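Participant: So that we are looking at the same thing, I have put the structure below in structure tokens.
Quick note: the coordinates plus some simple rules give every number you see, no bench work behind them. From a predicted model like this one, the values you see are computed outputs, not experimental measurements. Every residue, glycine among them, receives a Cβ derived from its backbone with ideal geometry; neighbour counts consider all protein chains shown.
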Amino acid sequence: MEFESVEAYVRAYSKDRSLAVMPVPMAADLFGITGAGIVSRVRNGVLGEIRISGTRYVTMGSVLDAISKTDREVEIVKAYLEQQARHGVVSVEYAPVMELLGLSSKLSADRTKIGWILGEVSRRSYREKGVLLSVVVHRKNTSMPSENGFFGLVNALIEDWEDHYNDRESFVEAETKRVLKAYRK
């Protein structure tokens, strides 16, 4: 949908509140991606678009729908990992976690998405139980979570963790034990 002027948009909006919009930079900040990432989501039909005087905006309705979908995806992954932890599982590869959401490890965008979702799972579990639940999600054929994603989150949430552990492996081992204890039946 396109409006030639701000006035035309405002007049249309006064009659139809479903025309509410969000600037692309604001949407990018909300979703933690670049403006180009937002434009890509518009092109892929994930987000709706309204142009006003040639400037691209995303529809608020599509933003709210995307947030709801993401929240559901986070809850699906979180519930799965909680179940694994309750059963004493210390390591889950990315593939089965991604398959829960129909994602493919072969697609860069899907790997980025699962990384963000796992980060949100751990942020929530850290708030709720003081543990990083995604510590149990490991790269294939390793006993370690993602080097950049997981440890980037660790650095953001736990200020001086490196002062208490000899290396990343010992942190993962200790955090995994804490997760299993927190979710034990």
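Participant: In Å, what Kirkwood hydrodynamic radius results for the chain from the alpha-carbon pair distances?
Facilitator: With all distinct Cα pairs of the chain included, I get 18.4 Å.
Participant: Can you put Val154, Val92 in order, fewest other beta carbons within 10 Å first?
Facilitator: Listing Val154, Val92 from fewest to most nearby Cβ atoms yields Val92, Val154.
Participant: Below 8 Å, C-alpha to C-alpha, sequence gap of six or more: please give me the relative contact order for the chain in percent.
Facilitator: So the answer I get is 18 percent.
Participant: Follow-up. Scan around Glu49 for amide H atoms under 5 Å from its own, H built in the peptide plane at 1.01 Å from N, and keep only partners 5 or more places away or cross-chain.
Facilitator: Thr59
Participant: With each run of n ≥ 4 DSSP H residues scored as -39500 (n - 2.57), what mean residue ellipticity at 222 nm is computed for the chain after dividing by its residue count and rounding to the nearest 500 deg cm²/dmol?
Facilitator: Taken over the chain, the calculation gives -19000 deg cm²/dmol.
Participant: How far is it, in nm, from the label point at Ala182 to the one at Glu147 when both lie 7 Å from their Cα along the line to the Cβ?
Facilitator: Using points 7 Å along Cα→Cβ, the separation is 2.6 nm.
Participant: Per the Cauchy relation, a quarter of the hull surface: what is the mean projected area of the convex hull of the alpha carbons in the stretch 114-182, in nm²?
Facilitator: Across all orientations, the stretch 114-182 yields a mean hull projection of 4.3 nm².
Participant: Short version: ³J(HN,Hα) in whole Hz for each residue of the stretch 120-127, in order, from phi by Karplus 6.51 cos²θ - 1.76 cosθ + 1.60 (θ = phi - 60°), x for Gly and Pro, what are they?
Facilitator: 5, 4, 5, 4, 5, 5, 5, 5
Participant: Compute the angle between helix 168-183 and the longest alpha-carbon principal axis of the chain, please, reported from 0 to 90 degrees and rounded to the nearest 10.
Facilitator: Compared with the principal axis, the helix lies near 80 degrees.
Participant: Amide H of Val92: which non-local residues (sequence gap of 5 or more, or other chain) have their own amide H closer than 5 Å, using H built in the peptide plane?
Facilitator: Amide H neighbours of Val92, under 5 Å, 5+ apart: Val137, His138.
Participant: Which of the lysines could a cross-linker span from Lys129 if the Cα-Cα distance has to be under 28 Å and same-chain partners fewer than 8 positions apart are dropped?
Facilitator: Straight-distance partners of Lys129: Lys69, Lys78, Lys113, Lys140, Lys177, Lys181, Lys185.
Participant: Okay, moving on. Would you calculate the separation in nanometres between label points at Ile76 and Ala95, each defined as 7 Å from the Cα along the Cα-to-beta-carbon direction?
Facilitator: 1.9 nm
Participant: On to the next question. List the residues, sorted by chain then number, that are 5 or more residues from Val21 or on another chain and whose placed amide H is less than 5 Å from its amide H.
Facilitator: Met60
Participant: Let me ask something additional. Fully extended, how many nm does the chain gain between Asp65 and Arg127 (0.36 nm per residue separation, minus their Cα-Cα distance)?
Facilitator: That pair, Asp65 and Arg127, stretches by 19.9 nm at full extension.
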